[in-house]
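A.B. asks: One structure, as structure tokens, below. Some questions next.
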Amino acid sequence: MSRIAARFKELQKRGGKAFIPYIMAGDPSLEKTREHLQILEECGADIVELGVPFSDPLADGPTIQAAADRAIKAGVNLPSVLAFVKEIRSEIHIPIILMTYYNPIFKHGDEAFFREAKEAGVDGVIIPDMTVEESGEFLPFARKHGIDTIFLAAPTSGTGRLKKVAKVSTGFIYYVSITGITGAQLVLTETTKNSIDTLKKSSGGKPVALGFGVSTPEEAAQAAALADGVIVGSAIVKQYTQGNMQDFREYIKALREAIK
Amino acid sequence: MKKGHFGEYGGQYVPETLMPALIELEKAYNTAKRDKNFQAGFRSLCEHYIGRPTPLYFAKRLTEHLGGAKIYLKREDLAHTGSHKINNSLGQALLAKQMGKTRLIAETGAGQHGVATATGAALLGLSCVIYMGSVDMKRQALNVFRMRLLGAEVREVKIGSRTLKDAINEALRDWTTNVGNTHYVLGTVFGPHPFPEIVRDFQSIIGREARKQIMKAEGRLPDYLIACVGGGSNSMGLFHDFLKEENIKMTGVEAGGKGIESGRHASRFAGGSIGVFQGTKSYLLQSDVGNVLETYSVSAGLDYASVGPEHAFMRDLGRIEYTYAIDDEALAAFETLSRLEGIIPALESSHAVAHCIKLAPTLPKDSIIVVNLSGRGDKDVQEVARIKGIEL
């Protein structure tokens, strides 16, 4: 069992929900990212989603676009993020998921990427512009090296597509809460609940985490009531960008408290 | 070949939120292709609204000046709104209406596709938002005003390189958010399947007309076809009907900007490598870690980091050759055609004319070249004056 799956299993056993914060690697520097990761782990994050900067992040709203720009300016890219994870792996113990657009992986080479990711201690990948349809070529490498592949399911996905997404996802399934881009306003509806049910039923109970648009501890609590885990991205990036690490710590603690 | 792919190129690399919309679009398009009413409606608009067929004009003075092959110009500049873009925009607007969408969005570089889409929206009573980079809004100010006159909202894109690629990112983000009531009128043979196929099909009328017209004028098919390649819609539109004619040589002309060695260009085939960008796999100008590079061209419509996947496939097959013309060559061609033929070409099309000027003198006098004059240059006169240091 992967470390991600094990974490969800453990949470399920004690009736908890996963808190999955997102931060951008190298925003504004890798030293800062190291500090952010330490705070996240200390404040009780279950899994961390580490963004890899890309020049054209078309699924992301302005907050994460700006974070990617800062990271690119700092010279951070997929190879340097892999080296970074390898370096900090002895001090950060929670599972790490890389969130990256496909082109940096493609350019690096599918097989080399998954091999090096494993060596670095990466646990999973989320690729927002990778569809089930195009995943045939790289999935075997992910499986070979034991990296979880977390696909996105959306409110627009019909039952048929939800099943497809559930099938190829390992570790957990990422349910995009809104029809939109990261950082937009959260809306939880009957569709949210039904889609999560479909994903779970059709996958033999794979965990489902909900993300996009979760910003306040109140929203995180609402999302946690529907899913096995909650992903918070843009709002966290906004918090650490303001610079006060004590405030950042308090905010993360509040989110952790809310997600149960 | 795998559905939606051209050899190893093409595909659907988009957020899951958009996949159902792409599947819906593919179904609607396949139905429309077989729907006699839809096709008759499109044909009627082509004839009575766009003004098709556009002429195939023998450029006598340019031919004499160059002293080689006979040069014919396919006059897409005479199509309504001033370029070939209207063929696709109107086709997709009809399709959107049929699908029950009430809102059109589009990206634009030179502004021609934005104007064409705003026109289609006005004609069919749909609301319309056009995304345009701030750099392009400045160099194509006239087209910005035209779009607004037509009732479209033009949204300035201030992120990234502030050109066409960033406008596409924003249009994709809008589509992801408003996919329920909105159709994204992608303007070129690019993006996720089924766009490269749909745009090619609507544009292939250019080549079908040219075939009939050259047969009437010369009693035979041409030896060479030349067109400029940004995303690649006017070139694919001209070339597609001739792909099976093995004796016809086809050349796509990319934007060489300040020259390949300067790094300031948009020649994907000369300076790029295979990548995945904005929904499709094709040639891409990218860094060694897979970030998309900024491009440069005097022509906003060719200033783009990637190229249609079918072009990449045709290039690998050796069926279409690709070359480039630099800014200075395009600007010289812009003036040459204006003075010799009384036709002011778009700066995009000037790249095709520039290659023709190089090629024609090397060919025998009985050979025939067809150049796609994809758009008219009225939109560019201010920018050319600025480059020449002339105050208007």
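A.B. asks: Summed for both chains, how many Å² of accessible area, to the nearest 100, are buried between B and A with a 1.4 Å probe?
C.D. replies: For chain B against chain A, roughly 2900 Å² becomes buried.
A.B. asks: Ok, one more. Suppose a student asked you for the relative contact order of segment B:5-127, using Cα pairs under 8 Å spaced at least 6 residues apart; what percent would you report?
C.D. replies: About 18 percent, as a whole number.
A.B. asks: In percent, how large is the relative contact order of chain B, given Cα pairs closer than 8 Å and 6 or more residues apart?
C.D. replies: 20
A.B. asks: Counting only helical runs of four or more DSSP H residues, what would the 222 nm mean residue ellipticity of chain A come to if each run contributes -39,500 (n - 2.57) and the total is spread over all its residues?
C.D. replies: Calculated mean residue ellipticity at 222 nm is -14500 deg cm²/dmol.
A.B. asks: Of all the accessible heavy-atom surface of segment B:66-116, with the other protein chains kept in place and a 1.4 Å probe, what percent is carbon and sulfur? Display every interim value, and only then the final one.
C.D. replies: On the way: 500 of 940 Å².
Heavy-atom surface of segment B:66-116 belonging to carbon and sulfur, 1.4 Å probe: 53 percent.
A.B. asks: Check which residues have an amide H placed less than 5 Å from residue B:320's amide H, if you skip close sequence neighbours.
C.D. replies: B:315
A.B. asks: Report the antiparallel proportion of the DSSP beta bridges in chain B as a percent, rounded to a multiple of 5.
C.D. replies: 30
A.B. asks: Pull out a ≥ b ≥ c, the square roots of the eigenvalues of the alpha-carbon gyration tensor of segment B:23-147, then state rounded if a/c is under 1.5, prolate if not and a/b is larger than b/c, and oblate in the remaining case. Please list the in-between numbers first.
C.D. replies: Values: a/c = 2.57, a/b = 1.38, b/c = 1.86.
Cα axes put segment B:23-147 in the oblate bin.
A.B. asks: Could you report segment B:100-221's accessible area per residue, 1.4 Å probe, as an integer in Å²?
C.D. replies: Details: 3890 Å² over 122 residues.
So segment B:100-221 comes to 32 Å² accessible per residue, rounded to a whole number.
A.B. asks: Here's another thing I want to ask about it. Between the helical axis of B:327-341 and the dominant principal axis of chain B, each derived from Cα atoms, what acute angle in degrees is found, rounded to the nearest 10?
C.D. replies: Taking the Cα atoms of chain B, the angle to B:327-341 is about 70 degrees.
A.B. asks: Can you give the Rg to Rh ratio for chain A, taking only C-alpha atoms and Rh from Kirkwood?
C.D. replies: Radius of gyration relative to Kirkwood radius: 0.92.
A.B. asks: Next question, about the same structure. Just report the Cα centroid separation between segment B:318-358 and segment B:20-94, whole Å.
C.D. replies: Distance between centres, Cα-based: 21 Å.
A.B. asks: Tally Lys/Arg at +1 and Asp/Glu at -1 over every other residue whose Cβ is under 13 Å from the Cβ of residue A:115; what's the total?
C.D. replies: Value of the local net charge: 0.
A.B. asks: Also, quick follow-up: May I ask for the angle, rounded to the nearest 10°, between helix B:85-98 and the longest principal axis of chain B, with both axes built from Cα atoms and the value confined to 0 to 90°?
C.D. replies: Taking Cα atoms only, the helix is inclined about 20 degrees.
A.B. asks: With only alpha-carbon atoms counted, please give the Rg and Dmax of the protein assembly as shown, in Å.
C.D. replies: 25.9, 87
A.B. asks: Measure off, as a whole percent, the carbon and sulfur share of the 1.4 Å-probe accessible area of segment A:163-218, all protein chains present. If you can, show how the numbers build up before the last one.
C.D. replies: Details: 1220 of 2240 Å².
Roughly 54 percent, rounded to a whole number.
A.B. asks: Quick check: pseudo-label points 7 Å beyond the Cα along Cα→Cβ at residue B:49 and residue B:24, how many nm apart are they?
C.D. replies: That separation, rounded to one decimal, is 2.2 nm.
A.B. asks: List, in order, the whole-Hz ³J(HN,Hα) value for each residue of segment B:138-144 obtained from phi through the Karplus relation with A = 6.51, B = -1.76, C = 1.60 and θ = phi - 60°; use x for Gly and Pro.
C.D. replies: 6, 7, 10, 4, 4, 5, 4
A.B. asks: In addition: Under 8 Å for C-alpha pairs, at least 6 residues apart: give me the relative contact order for chain A, rounded to a whole percent.
C.D. replies: 21
A.B. asks: What is the sum of charges, Lys and Arg at +1 and Asp and Glu at -1, for the other residues whose Cβ falls under 14 Å from the Cβ of residue B:28?
C.D. replies: Taking every Cβ under 14 Å from that of residue B:28, the sum is 0.
A.B. asks: Okay, moving on. Once you list every other residue whose beta carbon is under 10 Å from the beta carbon of residue A:152, what net charge do they have if Lys and Arg are +1 and Asp and Glu are -1?
C.D. replies: Summing Lys and Arg as +1 and Asp and Glu as -1 gives -2.
A.B. asks: Same structure, new question: May I ask you to give the solvent-accessible area per residue for segment A:168-241, in square angstrom, as obtained with a 1.4 angstrom probe?
C.D. replies: On a per-residue basis, 34 Å².
A.B. asks: A follow-up question, please. For the protein assembly as shown, give the share of DSSP beta bridges that are antiparallel, in percent and rounded to the nearest 5; count only bridges with both residues there.
C.D. replies: Once the DSSP bridges in the protein assembly as shown are tallied, antiparallel ones form about 20 percent.
The values are calculated or read from the model by the stated rules, or taken from the named source; none is laboratory data. If you're wondering where the values come from, they're calculated on a predicted model, not measured in any experiment. In this analysis, Cβ positions are derived from the backbone assuming ideal geometry, glycine residues included, and neighbour counts consider all displayed protein chains. Side chains are part of the model used for accessible areas, which takes the heavy atoms of the whole protein and leaves out ligands, DNA and RNA. Shrake-Rupley method; radii C 1.70, N 1.55, O 1.52, S 1.80 Å.
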